[in-house]
Structure formats: C-alpha cells, structure tokens
1. Past 20 Å, Cα to Cα, is the threshold; run LYS160/LYS276; LYS6/LYS184; LYS6/LYS35; LYS160/LYS218 against it and keep the listed order.
2. Give me log10 I(q)/I(0) at q = 0.11, 0.14 Å⁻¹ for the chain, Debye formula, one equal scatterer per alpha-carbon, no solvent.
3. Report the local net charge at ALA130: Lys and Arg +1, Asp and Glu -1, summed over other residues whose C-beta lies under 14 Å from its C-beta.
4. Bin all alpha-carbon pair distances of the range 217-313 at 5 Å intervals from 0 and give each bin's fraction as a whole percent.
5. State the answer as a single residue: which of VAL78, SER15, ASN90 lies farthest towards the positive end of the charge dipole of the range 1-107, with beta carbon charges of +1 for Lys and Arg and -1 for Asp and Glu, about the Cα centre.
6. Sorted by packing (mean other beta-carbon atoms within 10 Å per residue), highest first, where do 208-217, 69-78 land?
7. Taking the Cα centre as origin and putting +1 on Lys and Arg beta-carbons and -1 on Asp and Glu beta-carbons, what dipole magnitude results for the range 125-200, to the nearest 20 debye?
8. Using the Cα centre as the reference, give the magnitude of the dipole from point charges on the C-beta atoms of the range 194-268 (Lys, Arg: +1; Asp, Glu: -1; all else neutral), rounded to the nearest 20 debye.
Amino acid sequence: MEQLLKLLSDGGFHSGEDVGEQLGVSRAAVWKQLKNLERLGLQIESVRGKGYRLAPGIELLDEQQVVQQLKAEVADAVTYHHCLWTTSTNDWVQAVSRSLPSRGMPICTAEYQTQGRGRRGGVWSNPFGATVCLSALWRVSHGTASLEGLSLAVGLAVLKALEDCGARNLGLKWPNDILWQGRKLCGVLLEVHGDPMGDCQVVIGIGINVKLSQSQGKAITRPVTDLETICSAPVSRNTLVSALINALYAMLEKFRYQGFKAFIKQWNAVDVFVGKQVTLNVSGNKITGIVRGVSEQGGLVLETAQGCQVFHGGEVSLSKCEKADANES
C-alpha cells in the first residue's frame with residue numbers, strides 16, 4: 001500500500017495495468033488496495049481511459065527529507081521515524097524508549113493513527129495525509145515538579161515552527177491550543193510517566209491540520225482551520241515537520257535549564273484571551289473572570305470577584321459578552 005501511495009501522490013493519473021506492473025501485482029490486487037485507501041479517508045478518482053489518481057495529490061512524509069532539513073545539533077540528538085500508520089505515535093515513542101533507551105530523543109510521525117488521543121480523553125481526528133501527527137519522548141531527572149509550564153512552552157515552540165513555514169496572526173489559547181481567527185489549527189497533549197521525585201519521561205503529542213478537505217473539516221465537531229488556508233498556498237509537510245522538530249528541541253533545551261519562567265513574557269504576548277472576560281469550566285464548576293496572563297508555573301491567572309486566582313486545569317472559553325462583541329466587530 002505504501003508503494004501504491006507513492007505512485008499516486010504526484011496527483012497524476014495511473015492506469016491499473018501500469019500500477020500492477022510497477023508493483024508486481026494483479027489489477028485485481030491494485031483495485032483492492034485502492035479500496036483500502038478509500039477506507040482510510042482518501043479520495044480516489046477513476047476516469048475511463050486514464051486510470052486512477054488521488055484527488056488531490058498529497059505529499060507523503062519522507063524520513064530522509066525531514067532529516068536533511070534538521071539543524072546539525074538536532075539531527076545528532078534525535079532519532080526520527082516515520083510510519084504509514086500506527087495506533088498512536090505517543091505509543092510508538094514509548095515502545096522505542098523501552099527497547100532503545102540510549103538512542104537520543106525518539107520522535108515519530110504517522111500518516112494515520114487508528115487510536116490518536118486528544119485532551120480530556122478525546123480523540124484527535126487525523127485524516128490520512130491531511131495533518132501532521134508527531135510525538136517526541138523527552139527524559140528528565142528532576143521529577144514532575146520540574147515540568148510545570150512545559151505544556152505551554154510546547155505550544156510556543158509549535159507556534160514558532162508554524163510561523164517559520166509562513167503562518168501569521170496565530171495565537172495561543174491556554175494551555176496550548178493554537179488558534180487562527182478563533183478556529184483551532186493545532187492541539188498538544190502531554191503524557192508523563194515515571195518517578196514523581198526522580199527520573200521520568202514526557203511524551204509530547206502534537207497534531208496540526210495542514211490541508212483539510214471540506215468534508216474532512218465538517219466531520220470535526222468544533223471550528224477548525226488548516227495551515228494552507230492560513231498561508232493561502234501549499235505548505236510542505238516535510239518542511240513543517242523539520243521546522244517543528246528544530247523548534248521543539250531548542251525549546252526543550254532552554255526549558256531544561258531555565259524552566260517556564262523564561263517563556264512567560266513570550267506567552268502573554270500571544271495569548272488570545274489576555275485582558276478578556278472568560279468562563280473557566282473546572283469539572284462542571286464555572287468560574288468567570290478576566291485573563292491576566294499566566295503564573296510562573298503555567299497556571300491561568302484570572303481576576304475574579306474574589307480577586308486574582310490561579311488555576312491549573314479546566315477548559316477556558318470566551319464569555320457571552322465577549323463573543324457578542326467579537327461577532328459585532
């Protein structure tokens with residue numbers, strides 16, 4: 001199936017006979033694999049006399065292309081792997097860390113995840129070839145307390161990578177959603193494993209919408225956007241992954257020695273809700289207040305009727321009056 005995808009990814013038509021000859025299989029086998037691709041969400045066009053093509057053509061991720069665009073110090077420090085599909089890239093890097101514990105920071109991308117995870121037990125939708133799904137495993141030796149604010153710093157690293165690829169007017173919604181005009185472009189999920197007081201591992205999962213079809217966008221229940229819409233031009237997924245790994249590695253090295261305090265000013269500058277009235281939903285308990293930035297530990301600072309309070313969990317959204325003002329403007 002991977003060979004078939006590579007043939008079709010140029011966007012041109014290929015006859016079933018030619019494809020069968022190149023792959024060394026029958027036309028019936030080609031047809032069967034095409035149906036499998038459709039089950040993954042890919043659109044296959046069939047035209048009599050011309051053959052088959054992906055509609056539109058997609059750029060598959062390529063390990064060699066990604067590694068070639070990494071900075072030298074980053075390429076030496078990470079172990080990058082790409083797979084056509086997997087259950088979850090988070091699961092893959094954890095498995096690799098157990099079997100190859102000394103081979104740098106493992107990073108994995110996949111064209112498709114069968115069990116991709118989102119925040120609060122949700123599912124991250126990743127149509128085949130339309131997103132970037134990346135996970136990295138980072139090892140720390142000072143316990144979980146040293147990770148305070150890391151989720152927010154990861155959001156900043158992702159934002160930098162997106163800007164390096166041409167995106168503009170992006171912002172962050174606490175703790176790490178990247179938005180454009182109120183629509184979600186990217187999500188981040190951190191999973192921590194190990195000793196709370198000693199050695200532990202952080203699995204950093206990142207999902208970015210690159211090029212969603214109209215039907216793919218409608219299948220997602222919340223307002224979303226994609227990178228090509230923002231940039232008004234095609235964006236190389238291979239270049240994006242390289243930029244993402246470079247930015248993530250640089251951020252982690254800075255965070256290792258300076259913690260989140262080094263990122264607070266940068267975070268407040270791109271917070272889409274700072275100075276606005278929001279509602280924070282904490283396990284069904286709704287708290288209203290004005291966002292006053294974040295604390296040194298990455299907590300959300302809300303100015304409420306009881307004074308400024310810091311929260312470390314919950315789902316934040318604009319209050320009704322702020323939404324009304326945004327709609328009027």
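1. LYS160/LYS276; LYS6/LYS184; LYS160/LYS218
2. So the normalised log intensities are -0.75, -1.14.
3. Neighbour charge sum, excluding ALA130 itself: -1.
4. Spelled out bin by bin, the range 217-313 gives 2, 10, 13, 15, 15, 17, 16, 9, 2, 1 percent.
5. Farthest towards the positive end: SER15.
6. Output ranking for 208-217, 69-78: 208-217, 69-78.
7. 380 debye
8. Dipole size: approximately 240 debye.
None of the figures in this text is laboratory data; all of them are computed from the coordinates on show. Not measured: the values here are computed from a predicted model. FYI the Cβ positions are ideal-geometry reconstructions off the backbone, even for glycines, and counts take in every protein chain you see.
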